[in-house]
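Below you'll find the structure, written out as structure tokens, and then a few comments.
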Amino acid sequence: MSNPLSVPRPSRRALLAGAAGAAVALSTPRIAEASGPSQVENLVIGTGYGGAVAAYRLATAGRPVHMLEMGKRWNRRGLDGRIFSRMLGADHRSTWFGNRTALPLSTMLGLNINLPILRSPGVLDRVNLGAMNVYVGRGVGGGSLVNGGMAPRPRRDVIARELPGLDIDAFFTTYLPRAESRLGVNSISPAFRDSTPWYQFTRTGSADARAAGLRIADVPGVYDFAYMEQEATGQARRSALDGQVIYGNDHGKRDVTKTYLAWAEATGRVSIDTMTEALTITRRGAGYEVQARVRDVTGRFVANRTYRCQRLFLAAGSTGSSELLLRSRAAGGLTDLSGDLGKFWGPNGNVMVGRANPLHRPTGGFQSTIPVAGIDNWDSKNPAFIEIAPLPVGGIDLFIQLYLAVTGSPVRSQFEMSDGRLTLAWTRADSAPAIAMAKATLDQINRRMFTLYRYDLFGTGRAFSDDFTYHPLGGAVLGKVTDNYGRVHGNPGLYVTDGALIPGLVGVNPFLTITALAERLMDQVVARDL
Ligand code: FAE
């Protein structure tokens, strides 16, 4: 496990740049001490998609950037030679300060499959917000470390409805293609997908859906599929074919530490404080002050830090950025924020469900962890885009067809601060439309294939897991809390660059859209605000 103490502090040059002569403490502090305010020109909170794009665009425009990340940097191998834990036999690297792993698929045939682990700054966090649990990546790279890499384009009609202020043509002809290119989006070769044992689950899932008259969409992604083919032939070290994904991929996946963040850091203008969690923001003159606290690897808070900046980019994800803004408003540090702050939050209509296949419909004992197809039933009365998901358990065919559904549920919710804690006004009933939409599609397959749902997978005796999301969206929405690009209304120099901008739904997996929106904002910032 890496020690956060070993992560370099921002360079003197980075800290000094743009300091406008303020007296700042620039000595490298020991972690046990609180440092004086660090003066930076551009401060970015969070290192996922929004943060990585902001850092890259600022750095390549010649500007110094400092980043805060509450997780650690994932660059050291453990005793097993891996950086990240596999899903099977997951260990302390898997889960953010938990005593057990916290998989959404938590039981099988009545047995709890979540494992006891040592508390540690693991890479996947499950943030409990009452009736809703939000999964997020923790570490340099944010959600890009833990996600399935699926990068489908959103539909024009969904974007036009959800983000009405956007120039749709520019978004589809400039920003989505740029995001695809910079993220390294590629597609699996049909020949490999259609022949390899690793994608039996996709072939069976697709064939059954087609038999029920449903349409299958190929889904591109950021896992390097040429690399995966080498994994399959034994020419490359395995990652997707070794049960790695939601606790990180050692190889193959182009997370943002391989793309945007790597390029940003290569400029020499970007520094990152890890294990450092921003708490509150206070407007100070023409800039902002951020109070943060530092954790050690046991989770203890060991230091406070203060940063001052000219420009502040919030990229802590939908939950993190919304929380920062709401807490800062409650503490009086930020005023003039829109009354829409915290609103228009949604889980992208997520629900998870499994079907029990008969013995003549195998899903395969060996499964790649990277999904490559979805059932596209968006143009129905019950809009749903249902990812055909793997369930890799190391050689045993469980005959379970697993799905993660993105549905067109219209329900939106709202974050609030209550006694200093973030709350979400989501109730169990709010998930009902999403379940109904996913069920409408999957019932068609069950009817056609004479199959049933699995009721033993989520620890609740229910077929549909509706208490979590992988795709939290909203809280500081474009055109409401910010201008039409991401500049926070009433607070010059304060920006939102992440999933908080999207009002609860994109209709497909969201990171491509988040990246494209961040690129669009940063075009404006570089052209007008620097
Ligand atoms: P995000 O990537 O979450 O980055 C936020 C960063 O900020 C994190 O590193 C946090 O640790 C850090 N942070 C938060 N609060 C603070 C604070 N106060 N101080 C300092 N640092 C802080 O935000 N999406 C897809 O499009 N395709 C997929 O296949 C897919 N699969 C997924 C699978 C899983 C298991 C999960 C959890 C998510 C998946 N997603 C997928 C969602 C996707 O990863 C997510 O939408 C993006 O990562 C969100 O990007 P943001 O930049 O908004």
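The values are calculated or read from the model by the stated rules, or taken from the named source; none is laboratory data. Only a predicted model underlies this, so the values are computations on that prediction, with no experimental measurement involved. Ideal geometry is used to build each Cβ from the backbone, glycine not excepted, and the neighbour counts take in all protein chains shown. Side chains are part of the model used for accessible areas, which takes the heavy atoms of the whole protein and leaves out ligands, DNA and RNA. Shrake-Rupley method; radii C 1.70, N 1.55, O 1.52, S 1.80 Å.
Numerical summary
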{"quantity": "Residue pairs meeting the criteria (Cβ under 7 Å; at least 6 apart or on separate chains; first at positive phi, in the range 97-125; second surrounded by 14 or more Cβ atoms within 10 Å (Cβ to Cβ) and assigned to a strand (DSSP E or B))", "calculated": "F97/P121"}
{"quantity": "Candidate set: the range 110-132, residues that are open to solvent by less than 50 Å² (accessible area, probe 1.4 Å) and in a loop (DSSP other than H, G, I, E, B); chosen: the one farthest from E180 (Cα to Cα)", "calculated": "I117"}
{"quantity": "Cβ pairs under 6 Å, 6+ apart, first in the range 368-388 and part of a strand (DSSP E or B) and open to solvent by 10 Å² or more (accessible area, probe 1.4 Å), second modelled with pLDDT of 95 or more and more than 12 Å from the ligand (Cβ to nearest atom)", "calculated": "D376/R215; D376/A217; F385/D376; F385/W378"}
{"quantity": "Unmet requirement for R293, which otherwise passes all of (1) over 25 Å from the mean Cα position of the chain (by Cα); (2) within 11 Å of the ligand (Cβ to nearest atom); (3) of a type in the set (K, R)", "calculated": "(1)"}
{"quantity": "Y135 vs. criteria within 16 Å of the ligand (Cβ to nearest atom) and open to solvent by 20 Å² or more (accessible area, probe 1.4 Å)", "calculated": "no"}
{"quantity": "Check on L183, at pLDDT 95 or above, open to solvent by less than 10 Å² (accessible area, probe 1.4 Å) and out of contact with any strand residue (DSSP E or B) (no Cβ under 9 Å at 6 or more places or on another chain)", "calculated": "yes"}
{"quantity": "Residues that are in contact (Cβ under 8 Å) with a residue 40 or more places away in the chain and of a type in the set (V, I, T), drawn from the range 229-267", "calculated": "V245, I246, V256, T257, T259, T267"}
{"quantity": "Candidates V406, V353, V411, filtered to the one that is open to solvent by less than 40 Å² (accessible area, probe 1.4 Å) and touching a His at 6+ places or on another chain (Cβ under 9 Å)", "calculated": "V406"}
{"quantity": "Residue ID - most open to solvent (accessible area, probe 1.4 Å), chosen from residues in the range 190-240 that are in contact with an Asp or Glu (Cβ under 6 Å, 6 or more places away or on another chain) and charged (D, E, K, R)", "calculated": "R215"}
{"quantity": "Verdict on Q244 being open to solvent by 20 Å² or more (accessible area, probe 1.4 Å) and not charged (D, E, K, R)", "calculated": "no"}
{"quantity": "Filtered residue count, the range 137-164, keeping only those that are free of Cβ contacts under 8 Å to residues at least 24 places away in the same chain and polar (S, T, N, Q)", "calculated": "0"}
{"quantity": "Failed item in (1) more than 7 Å from the ligand (Cβ to nearest atom); (2) open to solvent by less than 30 Å² (accessible area, probe 1.4 Å), with G148 passing the rest", "calculated": "(1)"}
{"quantity": "Residues (on the phi > 0 side of the Ramachandran plot and part of a helix (DSSP H, G or I)) located in the range 418-457", "calculated": "none"}
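For (1) over 30 Å from Y403 (Cβ atoms); (2) at pLDDT 95 or above; (3) of a type in the set (K, R), each residue gets a yes or a no:
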position: T233; (1), (2), (3): no, yes, no
position: G243; (1), (2), (3): no, yes, no
position: T257; (1), (2), (3): no, yes, no
position: V290; (1), (2), (3): yes, yes, no
position: R300; (1), (2), (3): yes, yes, yes
position: C309; (1), (2), (3): yes, yes, no
position: A316; (1), (2), (3): no, yes, no
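Yes/no per residue for (1) within 15 Å of the ligand (Cβ to nearest atom); (2) buried (at least 24 other Cβ atoms within 10 Å of the Cβ); (3) in a loop (DSSP other than H, G, I, E, B); (4) in contact (Cβ under 8 Å) with a residue 60 or more places away in the chain:
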residue: G459; (1), (2), (3), (4): no, no, yes, yes
residue: G479; (1), (2), (3), (4): no, no, yes, yes
residue: N491; (1), (2), (3), (4): no, no, yes, yes
residue: A500; (1), (2), (3), (4): yes, yes, no, yes
residue: V508; (1), (2), (3), (4): yes, yes, yes, yes
residue: I514; (1), (2), (3), (4): yes, yes, no, yes
residue: Q524; (1), (2), (3), (4): no, no, no, no
